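Below: the structure, in structure tokens.
The values are calculated or read from the model by the stated rules, or taken from the named source; none is laboratory data. Remember, predicted model here, so these are calculated numbers, not experimental data. Cβ placement follows ideal geometry from the backbone for every residue including glycine, while neighbour counts extend to all protein chains displayed.
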Amino acid sequence: MSKTIFQRIIDREIPSEILYEDELCIVIKDIAPKAPVHLLVIPKKLISKLSESSEEDTNLLGHMLKIVREMARNYGIEEAFNVVINNGEKAGQTVFHLHIHVLGGNQVELPSELITD
Ligand code: 5GP
């Protein structure tokens, strides 16, 4: 199976500004932001989507939410931000490497692109 774009960023095969990194995850800016602040929290472990995560990923998932909270604070959006995980193609997922969207800034409504009826 070929690497996902996010795996290639994690492996430094594609240049990308990594805003935060620890042993479990990275944070980057979305290349096509849907809000003034649009970050992606991405686990280093390849989990294709949330529904494919397992019991052993519980700590990792909790850690990712902790990083969401810290990044929201760092970017000054902690008062109002949206957290989105698209799970599956029909839900708008395009990169099959789990990631959490963190959206904030001037808007509080979810961008329509991230909502599938
Ligand atoms: P999804 O649609 O899978 O929930 O979200 C994938 C997100 O990754 C999209 O918002 C898209 O703009 C972003 N994205 C895709 N390729 C790249 C890339 O090469 N670099 C960055 N920083 N973001 C990307």
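Is there any pair with a first residue in segment 68-89 that is over 16 Å from Ile26 (Cα atoms) and a second that is among the charged types (D, E, K, R) whose Cβ atoms are under 7 Å apart and which are 6 or more apart or on different chains, and what are they?
Asn87/Lys49; Gly88/Lys49
Right, Gly88: more than 15 Å from the ligand (Cβ to nearest atom), out of contact with any Cys (no Cβ under 9 Å at 6 or more places or on another chain) and on the phi > 0 side of the Ramachandran plot or not?
For Gly88, the condition - more than 15 Å from the ligand (Cβ to nearest atom), out of contact with any Cys (no Cβ under 9 Å at 6 or more places or on another chain) and on the phi > 0 side of the Ramachandran plot - is not met.
Provide a single number: the residues in segment 14-31 that are within 11 Å of the ligand (Cβ to nearest atom) and either under 12 Å from Leu98 (Cα atoms) or over 13 Å from the mean Cα position of the chain (by Cα) (or both).
5
Out of His63, His38, report the one residue that is within 16 Å of the ligand (Cβ to nearest atom) and at pLDDT 95 or above.
None of the others qualify; the one that does is His38.
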